[in-house]
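Colleague: My questions all concern the structure below.
The values are calculated or read from the model by the stated rules, or taken from the named source; none is laboratory data. All values derive from a computational prediction rather than experimental measurement. Glycine gets a Cβ as well: all are built from the backbone with ideal geometry, and neighbour counts include every protein chain shown. These area figures cover heavy atoms from the full protein model, side chains too; ligands, DNA and RNA do not enter into them. Shrake-Rupley method; radii C 1.70, N 1.55, O 1.52, S 1.80 Å.
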Amino acid sequence: MHPDASSWQAVFFDFDGVIADSTQVKVRAFAALFAAYGAAVQEAVVRYHLDNGGVPRQEKLRHCFSALAGQALTEAELDQAGRTFSDLVLEEVVAAPLIAGALATLNRLKQAGIPAFVVSGTPGDEMRLIAVRKDLASLFTEVHGSPQAKLAIIADIVARHGFAPGRCLFVGDAMADYRAAEAHALHFLGIVPAGKNSIFPAHVPTSAHVILDW
């Protein structure tokens with residue numbers, strides 16, 4: 001049994017597909033970035049991206065260029081690819097609608113004095129800019145992203161704030177989110193779009209909406 005929602009000490013959120021309905025924005029960006037390598041590579045890149053939700057962006061790009069496109073990029077070239085990706089997605093993510101229940105849940109947490117944290121695979125500076133541009137920054141205590149891994153981000157937040165893991169919740173849509181929550185003994189809610197099959201183990205609670213009670 002999880003605690004009553006009012007007794008959460010903290011709630012952690014992924015962002016794409018959890019706060020913003022922006023999953024397809026990233027899919028289109030990966031396809032566009034690898035268009036020059038042909039349809040087969042594009043398809044493989046998109047599949048890798050979708051199968052590895054929550055992995056830091058630069059790790060994904062490094063793998064996709066090396067293993068799928070056959071390109072050994074220098075760190076400078078990889079950084080440029082990351083900047084190009086950011087240029088492709090920023091405005092669309094800012095414009096993307098919120099996932100059902102996200103804003104109400106964030107406002108509920110704010111009113112209850114329960115801190116909310118973003119733990120994203122998006123680069124941290126970009127993630128913080130998006131939170132500001134979407135007028136959500138004031139609803140989060142902290143906004144975090146890559147290159148730091150989600151496991152490390154959660155460990156740091158829990159330690160600094162002295163949270164009891166059993167009184168914390170992670171809301172995510174990727175197995176990386178679930179694994180990070182499980183590693184730190186946080187409660188977990190999987191966001192699964194309506195009509196889609198859950199990717200999570202059968203015992204994991206899921207919802208198409210962002211909620212605190214289930």
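Colleague: How far apart, in nanometres, would the label points at residue 100 and residue 138 be if each is projected 7 angstrom from Cα along the Cα-to-Cβ direction?
Modeller: The answer from the label model is 2.8 nm.
Colleague: Could you give the distance between the Cα centres of segment 1-47 and segment 89-110, to the whole Å?
Modeller: Cα centroid to Cα centroid, the span is 14 Å.
Colleague: Once the piece of chain linking residue 182 and residue 4 is laid out straight, how much longer is it, given 0.36 nm per residue of separation minus the C-alpha distance between them? Present the calculation step by step, with values, prior to reporting the outcome.
Modeller: Values: separation 178, 0.36 × 178 = 64.08 nm, distance 1.94 nm.
Using 0.36 nm per residue and subtracting the Cα-Cα distance, I get 62.1 nm.
Colleague: Normalised by the residues of segment 41-144, what does the relative contact order come to in percent, with Cα pairs under 8 Å and at least six apart?
Modeller: Computed over segment 41-144, the figure is 26 percent.
Colleague: Only bridges with both residues in the chain count here: give the DSSP antiparallel percent, nearest 5.
Modeller: DSSP beta bridges in the chain are roughly 5 percent antiparallel.
Colleague: Shifting gears a bit: Can you compute the helix-only [θ] at 222 nm over the chain? Use -39500 (n - 2.57) per DSSP H run of at least 4 residues, normalise by all residues, nearest 500 deg cm²/dmol.
Modeller: -13500 deg cm²/dmol
Colleague: In degrees between 0 and 90, to the nearest 10, how far off the longest principal axis of the chain does helix 75-95 point, with axes built from Cα atoms?
Modeller: Approximately 50 degrees, to the nearest ten.
Colleague: Would you look at the GNM of the chain, springs on alpha carbons closer than 10 Å, and say which of 50, 189, 106 moves the most?
Modeller: 50
Colleague: What accessible area per residue comes out for segment 124-178, rounded to a whole number of Å², with a 1.4 Å probe? List each step's numbers first, then the result.
Modeller: On the way: 2300 Å² over 55 residues.
That works out to 42 Å² per residue.
Colleague: What share of all Cα pairs of segment 37-122, in percent, falls into each consecutive 5 Å distance bin?
Modeller: So the P(r) values, bin by bin, are 3, 11, 16, 20, 17, 11, 8, 7, 5, 2, 0.
Colleague: Below 12 angstrom from the Cβ of residue 175, what's the summed charge of the other residues (Lys, Arg +1; Asp, Glu -1)? It would help to have the intermediate numbers written out before the result.
Modeller: On the way: positive: 150, 179; negative: 14, 51, 173, 177, 182.
Neighbourhood net charge equals -3.
Colleague: List the extent of the Cα atoms of segment 1-149 along each of their three principal axes, largest first, rounded to whole Å.
Modeller: Principal extents (Cα only, largest first): 51, 33, 26 Å.
Colleague: I'd like to compare 37-47, 197-207, 123-133: which one has the highest average count of other Cβ atoms within 10 Å, and what's the full order after that? Mind dumping the intermediate values first?
Modeller: Numbers: 37-47: 15.5, 197-207: 12.4, 123-133: 18.2.
Order by mean packing, descending: 123-133, 37-47, 197-207.
Colleague: Taking the Cα atoms only, what angle lies between the long axis of helix 23-33 and the longest principal axis of the chain, rounded to 10 degrees?
Modeller: 20 degrees
Colleague: Okay, moving on. Express the carbon and sulfur contribution to the solvent-accessible surface of the chain as a percent, rounded to the nearest whole number, probe 1.4 angstrom.
Modeller: Answer for the chain is 55 percent, counting heavy atoms of protein chains only.
Colleague: Checking the cross-link filter: which aspartates and glutamates have an alpha carbon closer than 18 Å to that of residue 150, excluding same-chain neighbours under 8 positions apart?
Modeller: Candidates past the 8-residue exclusion: 14, 16, 51, 59, 125, 126, 142, 173, 177, 182.
Colleague: Grab the alpha carbons of segment 64-214, take their convex hull, and tell me the volume per residue in Å³.
Modeller: Numbers: hull volume 22.1 nm³, N = 151.
Here the figure is 147 Å³ per residue.
Colleague: Report the extension gain between residue 50 and residue 87 in nm, rounded to one decimal, defined as 0.36 nm multiplied by the number of residues separating them, less their alpha carbon distance.
Modeller: On the way: separation 37, 0.36 × 37 = 13.32 nm, distance 2.00 nm.
Extending this stretch completely gives an extra 11.3 nm.
Colleague: Against the longest principal axis of the chain, how steep is helix 124-133, in degrees 0 to 90 to the nearest 10, with axes from Cα atoms?
Modeller: 70 degrees
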